[in-house]
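This report refers to the structure that appears directly beneath it.
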Amino acid sequence: MHPETWLKTDDIGLYCEPGDFYIDPMKEVATALITHGHADHARAGHHSVYASTETLAIMRSRYGEDMASEQHAVTLAEPLYFNDVSVTYYPAGHILGSCQLLIEYAGYRVVVSGDYKRRPDPTCPPFQVVPCDVLITEATFGLPVFTHPPIENEIDKLLHSLRVFPQRCHLVGAYALGKCQRLIIALRRAGYQKPIYLHGAQVKLCELYRQFDIDLGNLIPVSDVADKATLAGEIVIAPPSALADRWSRSLPNVRTVMASGWMQIRARAKQRNAELPLIISDHCDWPELLQTIKEVNPKEVWVTHGREDALMYQAQKMGYKARALSLVGYDEAEQGGD
C-alpha cells in the first residue's frame, strides 16, 4: 500500500487514515501530532495533542493551560502506536522543541520533516537524518538564489552598525518564537553582553526559553525604560509588525533592522523599510535542501509550502521521484523562522 493511498490532504491538513490522526492540522481535530510551536503549525482546541515537551509548553504559553483536552509529551526516538501505524519523533533543528515525524505503515517509512534547518543552533538539537522511502520536505527557500551566509557574518554587520551609528537605536525585527532567541544568543556569542531590550510581545517566550535552561543574558522590556532617550545606541528586538507602527515612534533616532532569510531579496528589504537587512533564517537554503535530500536518500520527495516547482525539478534531475503536496494554511508571516 503506497503512502499516497493512506496519507491524504484536505482542508484541515495532512491526514493519516490508518492511524486516524492529523499532522499540524489547521482546524480542531480529535488527534493532532504537532511538529513545532509556530502558530501556522500548532493550533489550539484539539482533543488530543502529541508533541515534544517544549512544543507543548510553547502552546500552553500561547493558548493557555487548557489548549487541548489531552496533552501527550513524546519522547524522541521512541515509537508511538496509532492502530497499526508507528510514529517516531526526531529533532528538526528549526526552533526549540521542533521535530520531524517518521511514520511507518505497510512496509513504508515516511518522514514528515515539518520546518527544519541544517545550521547549528544552540536553542535546539540539530536536524537528524532519518532514512525513509518518502521524504516530505518544505521548500520555503526552494530557489537557487537563496544561499544564506553564516549567522556570524550578519551579527558582525549589526555590531559594526552600532559602532558607526552610536546614537541610533537599532530596532531589530525578529519573530518572537525562535528567531528572537537565536539572534540574542548569536549576539552573546559575538561578545555583546550589554542589556538587550524587548518589545512586550517577545518577553513571554524568552522567559519560556530560560525555563529550558537557555541563557539569554540580561533582557529588559522596553516598557520598563522610563526615559526612552536612553535607548540611543542600544539594541531593541520587536516583532516585524512593530517596526513601522506607533510603538516604534517612541524610540530615539531609529535605525531599522530586519532579520529574515527574505532579506536576500532587495524588494523584500525595501518592503520592510529595512535600513540594515540581516539574512538570518531558521529554514534551509537551496544547497541545504539538496544536501538533505541526498543524505536522506528517499525513493520519493514530496514538496510542500514553498517554491515547490524548482525543488521538484531539481530532485527529479537528481534521480528521485518528486511531486507537490499541497497543504493549506501555512503562512510565511507566521513561520517565525523565515
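The values are calculated or read from the model by the stated rules, or taken from the named source; none is laboratory data. Not measured: the values here are computed from a predicted model. Quick reminder, even Gly has a Cβ in these numbers, built from the backbone with ideal geometry, and neighbours come from all protein chains shown. We work out accessible area using only protein heavy atoms, side chains counted, and drop any ligands, DNA or RNA first. Shrake-Rupley method; radii C 1.70, N 1.55, O 1.52, S 1.80 Å.
Scanning the stretch 282-327 for residues that are more than 19 Å from the chain's Cα centre (by Cα) and charged (D, E, K, R) yields Lys294, Glu295, Lys299, Glu300, Asp309, Lys317, Lys321, Arg323. Answer with yes or no whether Gln202 is in contact (Cβ under 8 Å) with a residue 40 or more places away in the chain and closer than 30 Å to Thr53 by Cα. For Gln202, the condition - in contact (Cβ under 8 Å) with a residue 40 or more places away in the chain and closer than 30 Å to Thr53 by Cα - is not met. Of the strands (runs of 3 or more DSSP E) contained entirely in the stretch 245-320, those carrying at least 1 residues that are open to solvent by 40 Å² or more (accessible area, probe 1.4 Å) fall at 276-278. For the stretch 215-238, the criterion of being within 18 Å of the chain's Cα centre (by Cα), surrounded by fewer than 20 Cβ atoms within 10 Å (Cβ to Cβ) and either in contact (Cβ under 8 Å) with a residue 24 or more places away in the chain or closer than 25 Å to His148 by Cα (or both) is met by none of the residues. If you go through the stretch 233-244 and keep only what is assigned to a loop (DSSP other than H, G, I, E, B) and either among the small types (Gly, Ala, Ser) or out of contact with any helix residue (DSSP H, G or I) (no Cβ under 7 Å at 6 or more places or on another chain) (or both), you end up with Gly233, Glu234, Leu243, Ala244.
If you go through the stretch 114-128 and keep only what is touching a strand residue (DSSP E or B) at 6+ places or on another chain (Cβ under 9 Å) and not charged (D, E, K, R), you end up with Gly114, Tyr116, Cys124, Pro125, Pro126, Phe127, Gln128.
Looking across the stretch 15-54, the residues that are of a type in the set (Ser, Thr, Tyr), out of contact with any Phe, Trp or Tyr (no Cβ under 6 Å at 6 or more places or on another chain) and open to solvent by 10 Å² or more (accessible area, probe 1.4 Å) come down to Tyr50, Thr53.
Could you please let me know if Trp286 is touching a helix residue (DSSP H, G or I) at 6+ places or on another chain (Cβ under 6 Å), closer than 30 Å to Asp10 by Cα and aromatic (Phe, Trp, Tyr)? No; evaluated as a whole, the condition is false for this residue. The sole residue among Tyr197, Tyr209, Tyr192 that is surrounded by 13 or more Cβ atoms within 10 Å (Cβ to Cβ) and part of a helix (DSSP H, G or I) is Tyr209. In the condition set (1) buried (at least 20 other Cβ atoms within 10 Å of the Cβ); (2) farther than 22 Å from Pro125 by Cβ; (3) touching an Asp or Glu at 6+ places or on another chain (Cβ under 6 Å), Ala68 is compliant with all but (3).
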